[in-house]
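K.L.:
Once you've had a glance at the structure underneath, I'll fire off some questions.
The values are calculated or read from the model by the stated rules, or taken from the named source; none is laboratory data. It should be emphasised that the depicted structure is a prediction, and the values quoted were computed from it without experimental measurement. Cβ sites come from the backbone with ideal geometry, for glycine too, and all protein chains shown count toward neighbours.
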Amino acid sequence: MNLKFIPRKFGLLCLVAIWYGCSTPQEESVTGLITEKAMVVSAHPLASDVGKSILQQGGNAVDAAIAVHFALAVVYPEAGNIGGGGFFVIRQKEGTYHSLDFRERGPLAAHPDMYLDENGEVIDRLSLKGHLASGVPGAVDGMVKAHEKFGSLPWADLIQPAIDLASEGFVLTEGEANKFNRAKENFQQYSTVDPVQFTGKDWVTGDRLVQTQLAETLTRIRDLGREGFYAGPVAEYIVAEMERGGGIISLEDLEKYESTWRDPLVGQYKDYKIITMGPPSSGGLIILQMLGTMKDYPVSNKGEDYAAYLHLKTEMERRVYADRAAYMADSDYYPVPIEALLDEAYLKSRFLTFDPEKATPSAEIQEGQLLSMSEETTHFSVVDPMGNAVSCTTTLNGGMGSSVVVDGAGFILNNEMDDFSIKPGHPNMFGVLGGEANKVEPGKRMLSSMTPTILEKGGELYMVVGTPGGSTIPTSVFQTIVNVIEFGMGMQEAVNEKRFHSQWQPEVISYEQGALTGNLQQALESKGHVLTERSGIGRVDAILRLPDGRLEGGADPRGMDAAAGF
Ligand code: GLY
């Protein structure tokens, strides 16, 4: 069992809450911010405050989500972005669901062998850093599309807070100063013009980060919408950057980029409806496969039973991540067998080899391939006073993306091309494999693990949840949902809980420091599992609707994440 309270982190959370003037103080160590009507939980307190302010002005959840997205591009540039992409899952108060895919796309000149040398070997880091690592950014088109369909406040009002943060700057914490100092060398190596806004000095706590070029770019987006990014000076800056650095994104790529409304995946687990992201994300399929399998097994986090649950979870993860490698990709390019993967009989058949006492070796589960994700992404959750909800996960892929800052436009480009399988069957830099379904193709979207998710109970909004974390995203979302639904935790407690992750290959259970309480280690090892400690898994930002209709935020204490609301 692992229900330990975290008083030190609670203290930190309180401090953050007080410092940024969150409206309601936290009531006890494992209870998050509680509000009556509306809430935003994001990776940065300033972005959460921007969202809260939009909601206070009468904006709806989509308005707030757009404003938070642009604010994160300024105050959380390692993952917040205009040079990347992501997914929205939206639940309107009347119970309709929508998902918006603003994932990056492979440039028109991309091809399956673009990261291989003349001998067919993978060229080290080419898909990860520098100009060839970037897919065509989707974030700005996504925000425009979301606003066209659901926005209620003027577009300009949603961008202005980000412009102000970029032009006036914001004060860096020690952690932020260190982060920019660590990123400096990569920026200098991979950007063609030294991006002084990040590299000009050694940052110290209390410095103010001003991003003048980014403010100008955001101003163009404010005034011209989509045309402010995909055409005119910003598009020309991107293409000039590509030409200087040997990249391939062209004006035609930018002109042709379109985000896409897709039907979200909707599944049922006991009394709960799960509304989540379908392809090109694998995340929704993964959590629905796992919940669809788990419903036949009683689970508990009490005493010995917690090891049994973790064993079950790991065995499910091995099987669904094997499926991911073989069957999941951009469904516009590859026929992802969604219904077959979620078919009840299929899920049962996959688990015929499950032994409650013994780990199944991954090699016996399925021959196949798996691709890895780097872990810098960001998630935020929004609920507005009308009851609309947005779950958004967005990314540059790796921390600071490709480490290329577009000179003149002042934003960081993604390195999302590494989410393609750059050579089927070849281990990437994380030692895992990729599959044929997800090979590089022009215009195609690279497979994602991002899992923005909304839960309903009894036809009412119940939870908004998601996280960064690369291939650990679906399992952190799954674990958070199970912590609440099955183990009776509140939102903050479920988010605080130590996490475990497994993904078929490598054949290990990763766990966070402090997760192995009691005799958990012995119990799992006796079933044949290999355990590896690693640093924090995910940064879940979630909102739970309490039985009395109030909202509880779960802001992940692993980062400086914060809830704000009223
Ligand atoms: N780049 C992380 C993901 O899309 O899963």
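K.L.:
For the stretch 510-551, give me each residue that is closer than 25 Å to Val41 by Cα, under 28 Å from the mean Cα position of the chain (by Cα) and of a type in the set (Asp, Glu).
P.N.:
Glu512, Asp541
K.L.:
In the stretch 262-314, what residues are among the aromatic types (Phe, Trp, Tyr) and either touching a helix residue (DSSP H, G or I) at 6+ places or on another chain (Cβ under 7 Å) or at pLDDT below 95 (or both)? First the steps, then the outcome.
P.N.:
Of all residues in the stretch 262-314, those among the aromatic types (Phe, Trp, Tyr) come to 269, 272, 297, 306, 309.
If the condition is that a residue be among the aromatic types (Phe, Trp, Tyr) and either touching a helix residue (DSSP H, G or I) at 6+ places or on another chain (Cβ under 7 Å) or at pLDDT below 95 (or both), then Tyr269, Tyr272, Tyr297, Tyr306 are the ones that fit.
K.L.:
Then there's this: Does the stretch 445-458 hold any residues that are within 16 Å of the ligand (Cβ to nearest atom) and more than 12 Å from the chain's Cα centre (by Cα), and which are they? Don't jump to the end; show me each part of the working.
P.N.:
Initial filter on the stretch 445-458 (within 16 Å of the ligand (Cβ to nearest atom)): 445-453.
Result: Arg445, Met446, Leu447.
K.L.:
With respect to the numbered conditions (1) touching a residue at least 24 places away in the same chain (Cβ under 8 Å); (2) of a type in the set (A, V, I, L, M); (3) closer than 20 Å to Glu148 by Cβ, which one is the sole condition not fulfilled by Leu224?
P.N.:
The failed condition is (1).
K.L.:
Within the bounds of the stretch 423-444, is there any residue that is buried (at least 24 other Cβ atoms within 10 Å of the Cβ), within 16 Å of the ligand (Cβ to nearest atom) and within 21 Å of the chain's Cα centre (by Cα)?
P.N.:
yes
Residue-by-condition table, conditions (1) of a type outside the set (Asp, Glu); (2) surrounded by fewer than 24 Cβ atoms within 10 Å (Cβ to Cβ); (3) within 15 Å of the chain's Cα centre (by Cα):
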site: Ile34; (1), (2), (3): yes, yes, no
site: Val40; (1), (2), (3): yes, no, no
site: His44; (1), (2), (3): yes, no, yes
site: Gln57; (1), (2), (3): yes, yes, no
site: Val62; (1), (2), (3): yes, no, no
site: Ala65; (1), (2), (3): yes, no, yes
site: Pro77; (1), (2), (3): yes, no, yes
site: Arg91; (1), (2), (3): yes, no, no
site: Leu108; (1), (2), (3): yes, yes, no
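K.L.:
Identify, please: which residue in the stretch 459-489 is in a loop (DSSP other than H, G, I, E, B) and touching a strand residue (DSSP E or B) at 6+ places or on another chain (Cβ under 9 Å) and is, among those, farthest from the ligand (Cβ to nearest atom)?
P.N.:
Quick first cut of the stretch 459-489, residues in a loop (DSSP other than H, G, I, E, B) only: 459, 466-469, 486-489.
So of that shortlist, the ones also touching a strand residue (DSSP E or B) at 6+ places or on another chain (Cβ under 9 Å) come out as 459, 466-469.
Values: Gly459: 31, Gly466: 11, Thr467: 11, Pro468: 8, Gly469: 8 Å.
Top of the filtered list is Gly459.
K.L.:
State whether one or more residues within the stretch 551-566 are farther than 27 Å from Ala71 by Cα and at pLDDT 95 or above.
P.N.:
We begin by selecting, within the stretch 551-566, every residue farther than 27 Å from Ala71 by Cα; these are none.
No, there is no match, as no residue in the stretch 551-566 is farther than 27 Å from Ala71 by Cα and at pLDDT 95 or above.
K.L.:
Can you tell me how many residues in the stretch 201-234 are of a type in the set (Lys, Arg) and part of a strand (DSSP E or B)?
P.N.:
First pass over the stretch 201-234, keeping only residues of a type in the set (Lys, Arg): 201, 208, 220, 222, 226.
Still in the list and also part of a strand (DSSP E or B): 208.
Adding up the residues that qualify gives 1.
K.L.:
Only one of (1) more than 15 Å from the ligand (Cβ to nearest atom); (2) out of contact with any Asp or Glu (no Cβ under 7 Å at 6 or more places or on another chain); (3) of a type outside the set (Lys, Arg) fails for Gly151. Which number is that?
P.N.:
It is condition (2) that Gly151 fails.
K.L.:
I'm told Gly538 meets every condition in (1) in a loop (DSSP other than H, G, I, E, B); (2) surrounded by fewer than 17 Cβ atoms within 10 Å (Cβ to Cβ) except one. Can you identify the failing condition by its number?
P.N.:
(2)
Conditions (1) closer than 24 Å to Ala67 by Cα; (2) surrounded by 15 or more Cβ atoms within 10 Å (Cβ to Cβ), marked per residue:
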site: Gly120; (1), (2): no, no
site: Asp124; (1), (2): no, no
site: Ala133; (1), (2): no, yes
site: Glu176; (1), (2): yes, yes
site: Ser191; (1), (2): no, yes
site: Phe198; (1), (2): yes, yes
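K.L.:
Given the criteria at pLDDT 95 or above, farther than 20 Å from Leu72 by Cα, β-branched (Val, Ile, Thr) and out of contact with any Cys (no Cβ under 8 Å at 6 or more places or on another chain), does Ile422 qualify? Please lay out each step first, then the result.
P.N.:
Numbers: at pLDDT 95 or above: no; farther than 20 Å from Leu72 by Cα: yes; β-branched (Val, Ile, Thr): yes; out of contact with any Cys (no Cβ under 8 Å at 6 or more places or on another chain): yes.
Taking the combined requirement at face value, the residue does not satisfy it.
K.L.:
All but one of (1) buried (at least 18 other Cβ atoms within 10 Å of the Cβ); (2) part of a strand (DSSP E or B); (3) not hydrophobic (A, V, I, L, M, F, W, C) hold for Glu533, so report the exception by its number.
P.N.:
Single failed check for Glu533: (1).
K.L.:
Of all residues in the stretch 387-408, count the ones that are polar (S, T, N, Q) and over 12 Å from the mean Cα position of the chain (by Cα). First the steps, then the outcome.
P.N.:
Initially, the stretch 387-408 is screened for residues polar (S, T, N, Q), giving 388, 391, 393-395, 397, 402-403.
After this cut, where a residue has to be over 12 Å from the mean Cα position of the chain (by Cα) as well, the list is 388, 402-403.
Final tally of qualifying residues: 3.
K.L.:
How many of the residues making up the stretch 361-399 are within 16 Å of the ligand (Cβ to nearest atom) and either modelled with pLDDT of 95 or more or assigned to a strand (DSSP E or B) (or both)?
P.N.:
Of the residues in that region, 12 qualify.
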